[in-house]
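Comments concern the structure below.
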Amino acid sequence: MSNLESIMSFASDIASQAGDLIVSLRAQNRLRHDYKQGIELVTDADIAADKLIADAIRLKFPNHQILAEESNPNMDAIVHDDTPLWVIDPIDGTVNYAHHHQMVAISIAYVVKGKIQVAVVYNPFLSEMFSAIRKQGAWLNDQPIRCSQTKDLNRAIFATGFPYDKSTQLPQLITRLQSMLEQCADVRRLGSAALDICWVALGRLDAYYETVSPWDCAAGWLIAKESGAKCGYFIQPNDSITHELHSENLLICTPALFEPIKTILQKAQL
Ligand code: LIP
């Protein structure tokens, strides 16, 4: 087994363990809800899953870096050198999780020198384990996956999302959404960026755009890229960004629609 294959096996194992944990905690029906900055929901299950994953990584790889939504969300402290980095969202789709929806995922990415090498996104409520190894492919439950081949905007189904704090961006977000709906078939709001992106990789969606945090999208980025989808931005980041963890103005979609959707979203700028 190659090093990256053993890394993926390890990541899948801890994602599965975290999945069992969050399913069990929700079934007990006594989740504690808190709100970061008074607006962003976090439950005690988010904290527990984050700890389970981070502890397992520290035990096996004590010298690796960890960027984790709940225990270490400081992107500025990350060094994109030879030191491997783990990027963790212990529960992506926290609001869905707290409302007993099924669109919930554990997202784990393994990064070296700013390039994502291994990715795992696990939905324990649908028993769907998405995974990828750089330049080796993407899989759902160990079966290879490919993105859609949709070429007509008016046949495209896209996903997007909205930030917790909508106070400043709502007019711009609605303008973009209206422009997309005027030219595409329909929209889906799954509530988990990681699963939005994996559904593009699987062909269940044709496109996804949003601004999120690195832990929401890092693993999905590699899974979508290895499925043949185009991963990029509708507003290009500045040249100083050389790593693959930039998470603003993401556009991930079937290749034929990338430029047409990029044009729609750029023209919809207020
Ligand atoms: C969520 C993202 C989703 C976004 C939500 C939230 P969380 O992540 O997956 O796409 O629209 O605002 O950021 O908070 O559930 O980890």
Criterion first (among the polar types (S, T, N, Q), modelled with pLDDT of 95 or more and not in a helix (DSSP H, G or I)) does S131 satisfy it? yes
Determine which single condition T150 fails, assuming it passes every other condition in (1) farther than 30 Å from L4 by Cβ; (2) outside any helix (DSSP H, G or I); (3) within 13 Å of the ligand (Cβ to nearest atom). (3)
The condition of being open to solvent by 40 Å² or more (accessible area, probe 1.4 Å), within 16 Å of the ligand (Cβ to nearest atom), at pLDDT 95 or above and over 30 Å from K135 (Cα atoms) holds, among D34, D44, only for D44
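Can you pull out the residues in the range 73-89 that are under 18 Å from the mean Cα position of the chain (by Cα) and either within 13 Å of the ligand (Cβ to nearest atom) or assigned to a loop (DSSP other than H, G, I, E, B) (or both)?
Once the filter is applied, which keeps residues that are under 18 Å from the mean Cα position of the chain (by Cα) and either within 13 Å of the ligand (Cβ to nearest atom) or assigned to a loop (DSSP other than H, G, I, E, B) (or both), the range 73-89 yields P73, N74, V87, I88, D89.
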Scan of the range 49-68 for residues that are touching a residue at least 40 places away in the same chain (Cβ under 8 Å) and open to solvent by 20 Å² or more (accessible area, probe 1.4 Å), ordered by number: A56, K60
Outside the structural domain of A11 (by TED's automatic domain parsing), within 18 Å of I252 (Cα to Cα) and not hydroxyl-bearing (S, T, Y): does that describe I174? no
Look through the range 90-146, keep the residues that are away from the ligand (no atom under 14 Å from the Cβ) and of a type in the set (D, E), and return whichever of them is most open to solvent (accessible area, probe 1.4 Å). D142
Enumerate the pairs (first residue in the range 190-204 and among the acidic types (D, E); second residue anywhere and modelled with pLDDT of 95 or more and near the ligand (Cβ under 6 Å from one of its atoms)) with beta-carbon separation below 8 Å, excluding pairs fewer than 6 apart on the same chain, so at least 6 apart or on different chains. D196/G161; D196/E210
Taking the condition of being away from the ligand (no atom under 11 Å from the Cβ), open to solvent by 10 Å² or more (accessible area, probe 1.4 Å) and of a type in the set (V, I, T), how many residues in the range 191-226 meet it? 0
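The values are calculated or read from the model by the stated rules, or taken from the named source; none is laboratory data. Nothing here was measured: the structure is a model prediction, and the numbers come from that model. Positions of Cβ are generated from backbone atoms using ideal geometry, with glycine treated the same way; all protein chains shown enter the neighbour counts. Please note that ligands, DNA and RNA were not included when accessible areas were found on the heavy atoms of the full protein model with its side chains. Shrake-Rupley method; radii C 1.70, N 1.55, O 1.52, S 1.80 Å.
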